[in-house]
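One structure below.
The values are calculated or read from the model by the stated rules, or taken from the named source; none is laboratory data. These numbers come from a predicted model, not from an experiment. All Cβ positions, glycine included, derive from the backbone under ideal geometry; neighbour counts span all protein chains shown. Ligands, DNA and RNA are stripped out before the accessible areas are found, and what is left, the full protein with its side chains, is counted by its heavy atoms. Shrake-Rupley method; radii C 1.70, N 1.55, O 1.52, S 1.80 Å.
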Amino acid sequence: MADRVTVIGWDGSPLTAAARSALGAATLVAGAAHHLALPEVPPAAERIRLGSVSLAARRIAGHRGTAVVLADGDPGFFGVVRTLRAPEFGLEVEVVPAVSSVATAFARAGMPWDDAEVVVAHRRTLRRAVNVCRAHTKVAVLTSPGAGPAELGLLLEGVHRTFVVCEELGTDRERVSVLTSDKAVDHTWRDPNVVIVIGGPVTVGDGGGWLAGRDPAAGPRGWALPAEAYGGDLGEGESDLLRAAQLARLGPRVGDLVWDIGCGSGAFAIEAARAGAAVLAVDQDLHACARTDAVARRHGVQLQIVRGTAPHVLENLPEPDVVRVGGGGAAVVSAVADRRPQRIVTHAATRDAAERVGRDLTEHGYLVECALVQSVQLDTRRWTETERSVAFLLSGVLPDRRT
């Protein structure tokens, strides 16, 4: 095992005395090509081109001598330190940090970033990173080859965002570009780069926030808010307790894309967005779309609203993680199941309708649950019934995609 392992962050500025001392004593140096070209790297040191950090960690673990790993920005922030400290390698590391590429990108843009979401995009997580950009007003994306600004712009089709693309920060080739997300598709971008994605209203509270990223306490306290929070008179099948049960079955979360088909008043869509998910609210009724948009603005959440008739309008929508079918019946549920979301929830007014939907979900390979949900509102001054709602709640879960 290496006698000593030092991880040095590099942001383009001159190395600190501690970094120069560690590097001067190194018998093995790992890093990207531009790191290994630094004049401070000892000529006699063994050099490892840093591609797979895990492979480099194995080489370092078997090295007899002093090892240094060079990494861009702060190596403890979505960096190599996590992999190097994995129990399988048994490495104890010292870290000499530098300014993270995210902090540098926001500095170049002249913007605060305590209210920003920070995500990593590579081929496996690109879709979830895009969903965060759909749902939040300020996001920093640490990109990778094949999951860069062009791919982000392509998957954000139909959603207007402003991109601040920061290429090769800290080098002589550094470049900062500001453009709309649809224009990013037409460019070839240099790696590494960081993309700041801006869209929607950016509000600043008095004295700033108290928590980095999205404030989970923003908006009214509680879930499944009463009809008054959404303008009253939500319509059939939109009671707050049924909505609570639907939300509990779907569990929307950050990184998800939620379809709300037959969004009606927008109550469910707003609740899902408040949980941090990206939401596509679909309805054929112009008034419903306008009402949903107005309520979303009032609650300060981001929604993409699509007017059209399901199931036909669903064909060109991006892939969902979880879906609520608020209207359209078995035909729409079947079309949704063809897209294989992790979870589907809907309701039916009669047992026969519930059985049809349940059979169809089962045939599509979903594990199905059905419950009769009844809620009775009481006037607590007289303890008399004021309103009654009854519905069959159906939910389907793909057994191989439970998480």
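Under a Cβ-only charge scheme (Lys and Arg +1, Asp and Glu -1), can you give me the dipole magnitude of the stretch 13-160 about the Cα centre, in debye to the nearest 20?
With Lys and Arg at +1 and Asp and Glu at -1, about 420 debye.
Which order, highest average first, do 340-349, 57-66 follow once you tally other Cβ atoms within 10 Å for each residue and take the mean per peptide?
Peptide ranking by packing, descending: 340-349, 57-66.
Give me the angle, in degrees from 0 to 90, between the Cα long axis of helix 351-363 and the longest principal axis of the Cα atoms of the chain, rounded to the nearest 10.
30
Just order 314-327, 89-102 by mean Cβ neighbour count inside 10 Å, highest at the front, would you?
For the peptides 314-327, 89-102, the packing ranking is 314-327, 89-102.
Quick one: helix 329-338 against the long Cα principal axis of the chain, what's the angle to the nearest 10°, folded into 0 to 90?
Approximately 20 degrees, to the nearest 10.
Using a/c under 1.5 as the rounded threshold, could you call the stretch 293-403 rounded, prolate or oblate? The axes a ≥ b ≥ c are square roots of the C-alpha gyration tensor eigenvalues, and prolate needs a/b larger than b/c, oblate otherwise.
Working: a/c = 2.09, a/b = 1.29, b/c = 1.63.
Here the stretch 293-403 falls in the oblate category.
Tell me which residues come under 5 Å, amide H to amide H, from ILE8 once H is placed; ignore anything under 5 positions away on its chain.
VAL69, LEU70, ALA71, VAL96
Averaging sequence separations of C-alpha pairs under 8 Å and six or more residues apart, then dividing by the length of the chain, give the relative contact order as a whole percent.
Averaging sequence separation for qualifying contacts and normalising by length gives 11 percent for the chain.
Any idea which of ALA19, ALA86, PRO75 is furthest toward the positive side of the dipole for the stretch 9-111, if Lys and Arg beta-carbons carry +1 and Asp and Glu beta-carbons -1?
Checked the options; the winner is ALA86.
State whether the stretch 343-394 is rounded, prolate or oblate according to the following rule on the C-alpha gyration tensor (a ≥ b ≥ c being the square roots of its eigenvalues): a/c under 1.5 gives rounded; otherwise a/b larger than b/c gives prolate, and the remaining case gives oblate.
It is prolate, given that a/c is not under 1.5 and a/b is the larger ratio.
What does the accessible area per residue of the stretch 89-217 come to in Å², with a 1.4 Å probe and no ligands, DNA or RNA counted? Kindly include the intermediate steps, with their values, before the conclusion.
Details: 6380 Å² over 129 residues.
That works out to 49 Å² for each residue.
Where a ≥ b ≥ c are the square roots of the eigenvalues of the C-alpha gyration tensor, would you call the chain rounded, which needs a/c under 1.5, or, failing that, prolate if a/b is larger than b/c, or oblate?
Taking the square roots of the gyration eigenvalues as a ≥ b ≥ c, the chain is prolate.
At 1.4 Å probe size, with every protein chain present, just tell me what the per residue accessible area of the stretch 282-359 comes to in Å². Walk me through the numbers on the way to the answer.
Numbers: 3760 Å² over 78 residues.
With the other protein chains kept in place, the stretch 282-359 gives 48 Å² per residue.
Which residue, chosen from LEU286, ALA121, VAL258, occupies the Cα position most advanced towards the positive end of the dipole of the chain, where the dipole is computed from +1 (Lys, Arg) and -1 (Asp, Glu) charges on Cβ about the Cα centre?
ALA121
Would you please give the residues with an amide H less than 5 Å from that of HIS187, counting only those at least 5 places away or on a separate chain, with H modeled from the backbone geometry?
none
Using a 1.4 Å probe over the heavy atoms of the protein chains, calculate the carbon and sulfur portion of the accessible area of the chain as a whole percent.
The nonpolar share, carbon plus sulfur, comes to 51 percent.
Calculate for the chain the 222 nm mean residue ellipticity that helices alone would give, adding -39,500 (n - 2.57) per DSSP H run of length 4 or more and normalising by residue count, nearest 500 deg cm²/dmol.
Working: 13 runs with 111 residues, N = 403.
About -7500 deg cm²/dmol.
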